[in-house]
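What follows is a set of notes on a single structure, which appears directly below.
The values are calculated or read from the model by the stated rules, or taken from the named source; none is laboratory data. The model shown is predicted, which means the values in this text are computed figures rather than measured ones. So basically every Cβ, Gly included, is an ideal-geometry build from the backbone, and we count neighbours across all protein chains shown. Side chains included, ligands, DNA and RNA excluded: accessible areas come from the protein's heavy atoms. Shrake-Rupley method; radii C 1.70, N 1.55, O 1.52, S 1.80 Å.
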Amino acid sequence: MTHDHDLVLRPTQEQITAALNPPAGRNGGDLVVETLAGLGATTVFGLPGQHALGMFDALRRSDLRYVGLRVENNAGFAADAYGRITGEAAPLLLSTGPGALTSLAALQEAAAASAPVLAISSQIPTAGLGGGRHGYLHELPDQSASFRGVVKSVHTVRTQSQIPSAIEAAWKSALTAPHGPVWVEIPQDVLLAETSIPVVTGGDAFPEEVVPRPELTAVAAHLLSGAERPAIIAGGGVVRADASGKLLQLAETLRAPVVTTPGGKGAFPWEHPLSLQSWIEDRHTTDFLEDADVLLVVGSGLGELSSNYHTFRPRGRVVQIEADLGKLESNHPALGIHADARLALQALLETVAERQDESASERVREVLDKVAARIAGQELTLEQEVLASVRRALPAASPSFWDMTILAYWAWSAFDAKGPNRMHSAQGAGGLGYGFPAALGAAAADPTRPVLAVSGDGGALYSIAELATARQYGLGVTWLIVDDGGYGILREYMNDAFGEATATELTRPDYVALAESFGVPGVRTTPQTLEADLAKALSEPGPSVVVLPALLRMFAPTHLGTE
């Protein structure tokens with residue numbers, strides 16, 4: 001018997017001749033870029049460094065497009081967004097030690113959000129590996145140990161012959177559900193040494209699928225079909241799996257209301273009669289979900305934000321579909337189904353019985369009316385008008401990238417993403433500085449649509465250097481900076497908790513003048529002119545900055561038991 005995996009394609013005579021006579025002047029860095037190209041990569045992000053120069057020199061001999069940022073962490077955010085937009089593993093080229101370590105916060109966000117990033121770093125020379133104190137520049141006792149608790153997998157290369165297979169294994173790891181960042185490190189001498197290894201001409205770029213167990217989906221379908229009050233929580237796993245269409249079909253078959261998490265924004269149509277939108281931090285929504293007799297959780301671990309800060313206490317049966325095995329039942333007992341969201345939803349669609357429930361839409365309207373009434377009683381007109389202006393100015397098909405700032409916290413609950421994979425934020429790991437460099441990565445992925453970045457003035461200063469990157473590559477990103485003179489949300493937290501804020505006030509630059517010094521057009525706006533100014537900036541090619549001086553407030557939380 002012959003199995004498919006026993007078959008080996010015979011090389012042609014032309015391929016044999018080429019392999020026996022590889023071109024001169026190639027080094028280990030060429031094996032890196034050739035492998036990336038063979039796997040289907042077209043764009044790489046990064047920042048050069050002394051140990052990594054072999055890789056960067058090889059870029060000159062390749063067809064890969066290089067987008068260089070000014071800070072490694074920002075390069076990681078750009079690669080994160082590129083991976084989210086394209087669904088491909090975004091290569092991120094870094095140098096040893098400080099350069100590598102500076103990317104850690106971005107890789108943590110990619111891990112939390114399941115964004116496929118293929119980080120490839122140099123290492124100290126091979127003779128220095130093993131933890132000895134040799135005094136090499138950038139030396140760490142164990143560089144990979146710094147990344148092992150952050151990324152999905154770590155791959156250390158010691159010889160040139162290992163490069164293609166290590167990168168291919170990392171690529172598959174990054175793209176196997178749940179997607180995520182991976183780490184490859186290659187010593188400086190391995191990258192620089194001349195190589196006689198044949199040119200890498202291809203690679204197996206197809207990851208394994210995470211298929212649901214049929215006995216589990218059969219039980220889940222039975223529970224959902226017989227439920228009296230089913231409901232669905234849709235998380236980021238639905239977006240990453242491109243499963244929004246299947247989610248819509250299942251919700252309509254079951255007549256089940258759907259709420260999306262911040263990571264699942266856009267996974268379900270905002271104005272659909274069954275849409276509870278994204279008010280998952282509201283107690284009215286929490287009460288509704290607790291009352292479901294069968295709750296289907298798809299692509300979410302029911303973490304802090306998705307459980308209204310762990311105040312959610314389901315009373316019915318929970319069915320959890322999650323590609324990350326460690327998140328199954330990590331917060332609530334459930335019928336746990338380890339699977340890619342798209343495959344599991346398809347299995348349910350093939351098995352569930354259609355339900356009739358004329359009251360579902362009415363119950364959804366009641367919840368949304370209660371949420372609206374709660375917000376209306378807090379005198380937050382400015383905040384709602386600013387968010388509405390952003391929504392009207394942003395073309396429906398354009399993606400937006402939000403930093404950790406008050407307007408973003410509003411957007412998690414109140415912003416209509418107008419579709420899956422169009423609103424992204426740093427809510428996974430919660431680090432500052434995400435919005436603008438991530439938007440640059442999205443613009444590099446798809447230059448046909450304008451991209452919006454939203455930051456506060458505190459977060460903006462993390463990535464202000466990337467105005468040079470935006471200008472250098474002509475990337476079509478409009479950056480909205482909401483300037484309140486400090487870390488606004490921390491100011492609120494401290495005032496509420498201690499009666500006074502400490503270390504939250506910031507001396508900040510004239511952002512318009514600063515943008516213009518980079519050759520990037522800037523405009524100072526007001527809440528009344530925001531929509532027009534933002535729409536104009538988004539309609540023009542290249543980067544731009546819109547600065548809104550405004551002191552925004554958050555709506556009152558419901559998880560503290562004060563209401």
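Scanning the stretch 312-364 for residues that are in contact (Cβ under 8 Å) with a residue 60 or more places away in the chain, assigned to a helix (DSSP H, G or I) and not polar (S, T, N, Q) yields Ala341, Arg342, Leu343, Ala344, Leu345, Ala347, Leu348, Leu349, Ala360, Arg363, Val364.
Kindly check whether there is at least one residue in the stretch 540-547 that is small (Gly, Ala, Ser) and without any contact (Cβ under 8 Å) to a residue 12 or more places away in the chain. Talk me through it step by step, then tell me what you get.
Quick first cut of the stretch 540-547, residues small (Gly, Ala, Ser) only: 542, 544.
Now narrow it down to the ones that are without any contact (Cβ under 8 Å) to a residue 12 or more places away in the chain: none.
No, the stretch 540-547 contains no residue that is small (Gly, Ala, Ser) and without any contact (Cβ under 8 Å) to a residue 12 or more places away in the chain.
Scan the stretch 128-148 for residues that are surrounded by fewer than 16 Cβ atoms within 10 Å (Cβ to Cβ), over 19 Å from Lys172 (Cα atoms) and without any contact (Cβ under 8 Å) to a residue 40 or more places away in the chain and the total you get is 9. Just one of the listed residues (Val239, Val210, Val219) is part of a helix (DSSP H, G or I), under 17 Å from Gly301 (Cβ atoms) and β-branched (Val, Ile, Thr), namely Val239.
Scoring Val71 on the criteria (1) at negative phi; (2) open to solvent by less than 30 Å² (accessible area, probe 1.4 Å) leaves a single failure, condition (2).
Determine whether Glu109 is of a type in the set (Asp, Glu) and either touching a Lys or Arg at 6+ places or on another chain (Cβ under 6 Å) or open to solvent by 30 Å² or more (accessible area, probe 1.4 Å) (or both). Considered against the rule, which asks whether it is of a type in the set (Asp, Glu) and either touching a Lys or Arg at 6+ places or on another chain (Cβ under 6 Å) or open to solvent by 30 Å² or more (accessible area, probe 1.4 Å) (or both), Glu109 comes out as no.
I'd like to know if the stretch 469-486 contains one or more residues that are of a type in the set (Lys, Arg) and either more than 22 Å from Glu271 (Cβ to Cβ) or in contact with a Leu (Cβ under 8 Å, 6 or more places away or on another chain) (or both). Please lay out each step first, then the result.
If we filter the stretch 469-486 for residues that are of a type in the set (Lys, Arg), which is where we start, we get 471.
Going one step further and asking which of them are either more than 22 Å from Glu271 (Cβ to Cβ) or in contact with a Leu (Cβ under 8 Å, 6 or more places away or on another chain) (or both), we end up with 471.
For the stretch 469-486, residues of a type in the set (Lys, Arg) and either more than 22 Å from Glu271 (Cβ to Cβ) or in contact with a Leu (Cβ under 8 Å, 6 or more places away or on another chain) (or both): present.
One residue alone among Leu295, Leu305, Leu380 is touching a helix residue (DSSP H, G or I) at 6+ places or on another chain (Cβ under 8 Å), over 23 Å from Arg229 (Cβ atoms) and aliphatic (A, V, I, L, M), and that residue is Leu305. Scanning the stretch 171-207 for residues that are of a type outside the set (S, T, N, Q) and under 18 Å from Ser95 (Cα atoms) gives Pro181, Val182, Trp183, Val184, Glu185, Ile186, Pro187, Asp189, Val190, Leu191, Leu192, Ala193. For the stretch 157-175, state whether one or more residues are among the hydrophobic types (A, V, I, L, M, F, W, C), part of a loop (DSSP other than H, G, I, E, B) and under 12 Å from Val32 (Cβ atoms). Checked against the condition, which is being among the hydrophobic types (A, V, I, L, M, F, W, C), part of a loop (DSSP other than H, G, I, E, B) and under 12 Å from Val32 (Cβ atoms), the stretch 157-175 yields at least one hit. Kindly provide the set of residues from the stretch 505-520 that are buried (at least 18 other Cβ atoms within 10 Å of the Cβ) and among the hydroxyl-bearing types (Ser, Thr, Tyr), ordered by number. The one that is buried (at least 18 other Cβ atoms within 10 Å of the Cβ) and among the hydroxyl-bearing types (Ser, Thr, Tyr): Tyr511.
Looking at (1) out of contact with any strand residue (DSSP E or B) (no Cβ under 6 Å at 6 or more places or on another chain); (2) under 26 Å from Asp340 (Cβ atoms); (3) hydrophobic (A, V, I, L, M, F, W, C), can you tell me which one Ile163 breaks? Status for Ile163: all satisfied but (2). Remark: pairs (first residue in the stretch 179-192, in contact (Cβ under 8 Å) with a residue 60 or more places away in the chain and within 11 Å of Thr156 (Cα to Cα); second residue in a helix (DSSP H, G or I) and of a type in the set (Val, Ile, Thr); Cβ separation under 8 Å; 6+ apart in sequence or on different chains) = Val184/Ile167; Ile186/Val32; Ile186/Ile163; Pro187/Thr126.
Listed conditions (1) among the hydroxyl-bearing types (Ser, Thr, Tyr); (2) open to solvent by 20 Å² or more (accessible area, probe 1.4 Å); (3) under 15 Å from the mean Cα position of the chain (by Cα); (4) under 21 Å from Phe56 (Cα atoms) are all met by Tyr82, apart from (2).
Of all residues being among the hydrophobic types (A, V, I, L, M, F, W, C) and over 21 Å from the mean Cα position of the chain (by Cα) in the stretch 111-154, which is nearest to Gly97 (Cα to Cα)? Just the residue, please. Among those that are among the hydrophobic types (A, V, I, L, M, F, W, C) and over 21 Å from the mean Cα position of the chain (by Cα), it is Leu140.
Yes/no matrix, rows are residues, columns are (1) part of a strand (DSSP E or B); (2) among the small types (Gly, Ala, Ser):
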{"position": "Ala231", "(1), (2)": "yes, yes"}
{"position": "Gly245", "(1), (2)": "no, yes"}
{"position": "Gln249", "(1), (2)": "no, no"}
{"position": "Ala256", "(1), (2)": "no, yes"}
{"position": "Val259", "(1), (2)": "yes, no"}
{"position": "Phe268", "(1), (2)": "no, no"}
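Has the stretch 528-551 got any residue that is exposed (fewer than 13 other Cβ atoms within 10 Å of the Cβ), β-branched (Val, Ile, Thr) and in a loop (DSSP other than H, G, I, E, B)? So far as the stretch 528-551 goes, no, none of its residues is exposed (fewer than 13 other Cβ atoms within 10 Å of the Cβ), β-branched (Val, Ile, Thr) and in a loop (DSSP other than H, G, I, E, B).
How many residues are under 18 Å from the mean Cα position of the chain (by Cα) and surrounded by fewer than 23 Cβ atoms within 10 Å (Cβ to Cβ) when one looks only at the stretch 86-101?
Counting residues in the stretch 86-101 that are under 18 Å from the mean Cα position of the chain (by Cα) and surrounded by fewer than 23 Cβ atoms within 10 Å (Cβ to Cβ) gives 3.
Whenever a residue of the stretch 486-503 is in contact (Cβ under 8 Å) with a residue 60 or more places away in the chain, its partners that are open to solvent by less than 40 Å² (accessible area, probe 1.4 Å) and assigned to a strand (DSSP E or B), lying with C-beta atoms within less than 7 angstrom and at least six residues away or across chains, give the pairs Gly488/Gly456.
Listed by position, the helices (runs of 4 or more DSSP H) contained in the stretch 411-503 that have at least 3 residues being over 30 Å from Val44 (Cα atoms) and either in contact with a helix residue (DSSP H, G or I) (Cβ under 9 Å, 6 or more places away or on another chain) or modelled with pLDDT of 95 or more (or both) are 488-498. Going through (1) in contact (Cβ under 8 Å) with a residue 12 or more places away in the chain; (2) within 23 Å of Pro557 (Cα to Cα) one by one, Asp457 falls short only on (2).
Of the residues Leu328, Leu387, Leu349, which is in contact with a helix residue (DSSP H, G or I) (Cβ under 6 Å, 6 or more places away or on another chain) and either at pLDDT below 95 or open to solvent by 20 Å² or more (accessible area, probe 1.4 Å) (or both)? Reasoning before the result, please.
On the way: Leu328 fails: in contact with a helix residue (DSSP H, G or I) (Cβ under 6 Å, 6 or more places away or on another chain); Leu387 fails: either at pLDDT below 95 or open to solvent by 20 Å² or more (accessible area, probe 1.4 Å) (or both).
When all the criteria are applied, what remains is Leu349.
Checked against the criterion of being surrounded by 24 or more Cβ atoms within 10 Å (Cβ to Cβ) and either at pLDDT 95 or above or closer than 28 Å to Ala115 by Cβ (or both), the stretch 18-27 contains not a single residue that satisfies it. Scanning the stretch 247-271 for residues that are surrounded by 21 or more Cβ atoms within 10 Å (Cβ to Cβ) and within 21 Å of Ser225 (Cα to Cα) yields a count of 9. Can you name the residue in the stretch 276-314 that is open to solvent by 10 Å² or more (accessible area, probe 1.4 Å), aromatic (Phe, Trp, Tyr) and more than 13 Å from Thr260 (Cβ to Cβ) and is also farthest from the chain's Cα centre (by Cα) among such residues? Across the stretch 276-314, the extreme among qualifying residues is Phe288.
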